[in-house]
Each structure stands twice: as structure tokens, then as C-alpha cells.
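Engineer: Could you have a look at this structure, given as C-alpha cells, before my questions?
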Amino acid sequence: MKDINIEDQFQAKIDAEIKIEPKDWMPDEYRKTLIRQISQHAHSEIVGMLPEGNWITRAPTLRRKAALLAKIQDEAGHGLYLYSAAETLGVARIDMLNDLHSGKAKYSSIFNYPTLTWADMGTIGWLVDGAAIMNQIPLCRCSYGPYSRAMIRVCKEESFHQRQGYEILLTMMKGTDAQKRMVQDALNRWWWPAISMFGPNDAESPHSKQSMAWKIKRFSNDDLRQKFIDVTAEQAKILGVTIPDPELKWNEERGHYDFGQINWDEFWEVVKGNGPCNRERLEARRQAWEEGAWVREAATVYAEKKARKNQEAA
Ligand code: FAQ
């Protein structure tokens, strides 16, 4: 039998849909790609708490406030699963957080936009969680075991988030003219940033080809964006709102919606740190980290005390 090298064996496992686990051999680049993607994803979850956190004290009813609080807590949980999944690849959590706080690490562009009205809470649920689900359901089948398993739970929670957002908007669209205008205004502001979340066009996406060969990504950025637009355009009709894209039109031949040009200059400016809220978001994360120092210190002292007691008992 012909000898196959370790890299071919690795790819053969992936092709056979066998999950790669932390102690398995993997190419350095596979490990690096996963650390990059999972840590960026984790950062997005915890930075993503901030735009919504802005509305906890101003939610219109107790029921809305309880649902919003639960949603934001879920995002914190997602961050924790994801940091843990990244740690299985040999990276330390503190290093990932240092990279976030120094501005070196990326997180999703979408969270650098401000949340101006209550309708933004509905629109984030509908569009941002909706886009996140479209992107993340395929990640449940990612070739790396710990990431794929974390994503299964994350996706279950994201679908609750999407529904709570859509339901906020459905309720507002049954309300006064001012409420309806508020929903349309939120959609006008969030639509283009939401469809940019899927990342650059395939031709401009340096990581896609290899990530798809390794089955980290199952669909390209453009394919996921198209799927999202096709689904969302129909949901907009039910809501009775107008997507702010004059070129959005069903194309019978393609069996998909055609849509207009994304402003990629704006996207890259936001990714580079120059969006409307980048500085504010990073400052809030740094402050939360500093204010949490006493909790980390107390937990460390407690763990040491417990370990000492266990040792004495032994
Ligand atoms: N923002 O070659 P590609 C959520 C970067 S979670 C900023 O296409 P890749 C839940 C990319 O990192 C939302 N940067 O890269 C929630 C790369 O830079 P690098 C986050 C972006 O990795 C809801 C460069 O551009 N979801 O919303 C963005 O193959 C509500 C070239 O791009 C995930 O992270 C962007 N939008 O594909 C929470 C899902 N797009 O690293 C709170 C997992 C691209 O070379 C409230 N991640 N870049 O310096 C992924 O699926 C992928 O990483 C992509 C990018 C699709 C984001």
C-alpha cells in the first residue's frame, strides 16, 4: 500500500467528515486559522453585548426588559464557549483578551454602529442575529470538534434572539405612525452594515478557499449573503417595511434576489477601527476588564486556598 503523509491523512479525515479533536495532529495553518476565526468570533459576542446593553434601562416594558437581559446574557455565554474552544488549540485566554483590548484583534464590523432607538433592538435581533444564524448554522458542521459543538448551542439561542427581534418589530408595525417610521429608520441604518457582516466578496476574501477545503467554512461569504438576502426580503414584506436598496429585485432566472453594491470603503474603514463607535466599544471593554480585576483576584485566591486544603486533607 502506498504511504500517505501526515498532511494527506489529515485531509482524508476531513474529507470523510471525521472531526478533528484538540490532541489530533493538525497543520500549523489550520490551527492558526481556527484561533483567528474563533477568537474574532468570541470578541464579537462580547463586544456585541454593548449596543444592546445601551437599551436595558430604557426597554418599554418589564417583559421586553427581561427578554433583552436574557439575550445579552446569552451573548456573554457564547463568548465564554468560544474562548474555551479557542483555548483547546493552545492559545491563552489572556492573550486573546490583550489583543482585543490593544485594538490588534478584529471583531465583527456590525457592532461599531450606534443604537439610537428602541426599534434598533428589534432590528438587531432580526438582521444581526438573523445574519449570525445564517453564517453559524454551517459552523455546527465545522471540521474542528470543539468549535462545531459550541456552535450547536449558540445557534439554538440565536434563533430565540432573532425571533424576539422580529416580534418587537411586528408589534411596532401594528402601532402608531411614529412607531412605524422608527422601524423603517432603523432598517435604513442597519441594512447595509448587516449584509456587510458576511465579509468581503469571495474574490476579495483571502481565507475562504483554504477554509472551505478544510471544512471550517462550508459556504462562501457571497453564498451566505445571498441566502440571507433571499430570506430577509420576504420577511420585510410581511413586516411591511422597505429595504433601502432600489436595486433589490427578484431575478426569476437566477432564482435569487439581485441587490445593489455594498460600500466596501465604509466596511474596511469600520474594520480598521474608524467606524462611528469603535473607540467607545473598545473603551467599554477595557473598563469592564479593569473593573473586574478584583473578581479575578478573588477567584484565584479562592482556588489556591481550596487546592491547599485538598492537599492537606490528602
Ligand atoms: N467584521 O477572508 P475573509 C454575532 C475580516 S457574531 C470585521 O472572508 P474569513 C452574534 C476577516 O476577519 C458575529 N472583520 O475571512 C451576535 C479577515 O481579517 P484577518 C461574528 C471582518 O475569516 C448577534 C478579513 O476580513 N460572527 O453577530 C468581517 O474567512 C447580536 C478577510 O476576510 C463570526 O465571527 C466583519 N464583518 O471570513 C452577538 C462568525 N468580515 O483575520 C451580539 C465566525 C471579514 O485576515 C448581538 N466567523 N472580516 O485579519 C466567520 O464565519 C468568518 O470569520 C467571517 C470572515 C465570515 C466573518
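Engineer: Would you mind giving the average projected area, over all directions, of the Cα convex hull of the stretch 221-281 in nm² with one decimal?
Structural biologist: Numbers: hull surface 22.6 nm².
Over all viewing directions, the stretch 221-281 projects a mean Cα-hull area of 5.6 nm².
Engineer: Jot down the radius of gyration and Dmax of the chain, Cα atoms only, both in angstrom.
Structural biologist: In Å, with Rg to one decimal and Dmax whole: 21.4, 75.
Engineer: Looking at this model, which pairs from K13/K215; K71/K217; K65/K156; K71/K174 are more than 19 angstrom apart at the alpha-carbon? Please report the intermediate quantities before stating the final value.
Structural biologist: Values: K13/K215 11 Å; K71/K217 26 Å; K65/K156 21 Å; K71/K174 24 Å.
Distance filter (> 19 Å) returns K71/K217; K65/K156; K71/K174.
Engineer: Here's something else I'd like to know. Take peptides 284-297, 30-43, 144-157 and line them up by average Cβ neighbours within 10 Å, highest first, as a rough protection proxy.
Structural biologist: Per-residue Cβ counts within 10 Å, averaged per peptide and sorted highest first, yield 30-43, 144-157, 284-297.
Engineer: So, one more: Report the full-extension gain for the segment L170 to K249: residue separation times 0.36 nm, less the Cα-Cα distance, to one decimal in nm.
Structural biologist: Computed gain between L170 and K249 is 26.1 nm.
Engineer: Name the residue farthest towards the positive end of the dipole of the stretch 1-135 from the options I94, I110, L50, assuming +1 on Cβ of Lys and Arg, -1 on Cβ of Asp and Glu, about the Cα centre.
Structural biologist: Of the options given, the answer is L50.
Engineer: Given +1 on the Cβ of Lys and Arg, -1 on the Cβ of Asp and Glu, and no further charges, what dipole in debye does the stretch 155-314 carry about its Cα centre, rounded to the nearest 20?
Structural biologist: 820 debye
Engineer: Then there's this: Run the numbers on the stretch 26-138 and let me know its relative contact order in percent, using alpha-carbon pairs under 8 Å that are six or more apart.
Structural biologist: Averaging sequence separation for qualifying contacts and normalising by length gives 37 percent for the stretch 26-138.
Engineer: Quote the relative contact order of the chain in percent (integer), defining contacts as alpha-carbon pairs under 8 Å separated by 6+ residues.
Structural biologist: Value for the chain: 19 percent.
Engineer: Semi-axes of the equivalent ellipsoid of the stretch 44-171: what are they in whole Å, largest first, if each equals the square root of 5 times a C-alpha gyration tensor eigenvalue?
Structural biologist: Sorted largest first and rounded, they come to 26, 17, 12 Å.
Engineer: Please work out the FRET efficiency for the pair Q311 and K156, using the Cβ-Cβ distance as r and a Förster radius of 30 Å; give the result to the nearest 0.05.
Structural biologist: FRET efficiency, Q311 to K156: 0.15.
Engineer: Given the convex hull of the Cα atoms of the stretch 211-313, what is a quarter of its surface area in nm²?
Structural biologist: If I average the Cα hull's projected area over directions, I get 13.7 nm².
Engineer: How big is the stretch 113-223 by Rg and Dmax over its Cα atoms, in Å?
Structural biologist: For the stretch 113-223, the Cα radius of gyration and maximum Cα-Cα distance read 16.3, 51 Å.
Engineer: What's the extension gain from E266 to Q179 if we count 0.36 nm per residue and subtract their Cα-Cα distance? Numbers along the way, then the final one.
Structural biologist: On the way: separation 87, 0.36 × 87 = 31.32 nm, distance 2.87 nm.
Length gained, E266 through Q179: 28.4 nm.
Taken together, the values in this text are just the output of simple stated rules run on the coordinates, not laboratory data. Because the structure is predicted, anything quoted here is derived from the model rather than measured. Because the Cβ atoms are built from the backbone with ideal geometry, glycine has one as well, and the counts that use them run over all protein chains shown.
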